[in-house]
Amino acid sequence: MAVNEVTDLTLREYIQTNLVGSPESDYDKVLNTHILSELQQIQTALKSLAEASIQSTDQAPSKPKRGMVRYNVSPWDPLSNSSQGLVVYNGSAWVAV
């Protein structure tokens with residue numbers, strides 16, 4: 001089964017890009033566009049790291065992805081056995097680690 005960024009937990013790497021523009025162009029506009037693009041890439045990378053981190057939580061993630069690991073605490077009971085501990089989402093259900 002191939003990895004799918006929509007359904008599977010993946011990390012997004014941030015790679016800095018170079019400012020592209022000619023001296024004749026509107027430098028301020030090019031710079032603003034470049035900075036916004038860089039900030040969006042950084043935001044995406046940080047979000048993927050936050051999703052991938054093991055978090056203690058009392059409720060299921062709203063959009064779980066295959067590979068997510070969580071430490072479940074009451075009232076969340078993903079295993080339906082009143083236990084607390086590490087669980088991983090396998091794409092269709094939470095299972096104990």
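The values are calculated or read from the model by the stated rules, or taken from the named source; none is laboratory data. What you see is a predicted model, and the numbers here were worked out from it, not measured in a lab. Using ideal geometry, Cβ is built from the backbone for each residue, glycine included, and neighbour counts are taken over all protein chains shown.
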What's the number of the only condition in (1) over 21 Å from residue 6 (Cα atoms); (2) at pLDDT below 95; (3) touching a Ser or Thr at 6+ places or on another chain (Cβ under 7 Å) that residue 48 fails to meet?
(1)
Boolean, residue 11 is in contact with a helix residue (DSSP H, G or I) (Cβ under 9 Å, 6 or more places away or on another chain), without any contact (Cβ under 8 Å) to a residue 60 or more places away in the chain and on the phi < 0 side of the Ramachandran plot:
yes
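Which count do you get for residues in segment 18-74 that are acidic (Asp, Glu) and either surrounded by fewer than 10 Cβ atoms within 10 Å (Cβ to Cβ) or not in a helix (DSSP H, G or I) (or both)? So that I can check it myself, show each step before the final result.
Initial filter on segment 18-74 (acidic (Asp, Glu)): 24, 26, 28, 38, 51, 58.
Now restrict to residues that are either surrounded by fewer than 10 Cβ atoms within 10 Å (Cβ to Cβ) or not in a helix (DSSP H, G or I) (or both): 24, 26, 28, 58.
So the count comes out to 4.
Might you check whether a residue that is in contact with a Gly (Cβ under 7 Å, 6 or more places away or on another chain) and closer than 30 Å to residue 2 by Cβ occurs anywhere in segment 51-63?
no
Give me the residue from segment 58-97 that is hydroxyl-bearing (Ser, Thr, Tyr) and more than 21 Å from residue 11 (Cα to Cα) and, out of that set, nearest to the chain's Cα centre (by Cα). Show your work before the answer.
Residues of segment 58-97 that are hydroxyl-bearing (Ser, Thr, Tyr), as a first pass: 62, 71, 74, 80, 82-83, 89, 92.
Then keep just the ones that are more than 21 Å from residue 11 (Cα to Cα); that gives 74, 80, 82-83.
Numbers: 74: 24, 80: 26, 82: 28, 83: 26 Å.
Filtering first and then ranking leaves 74.
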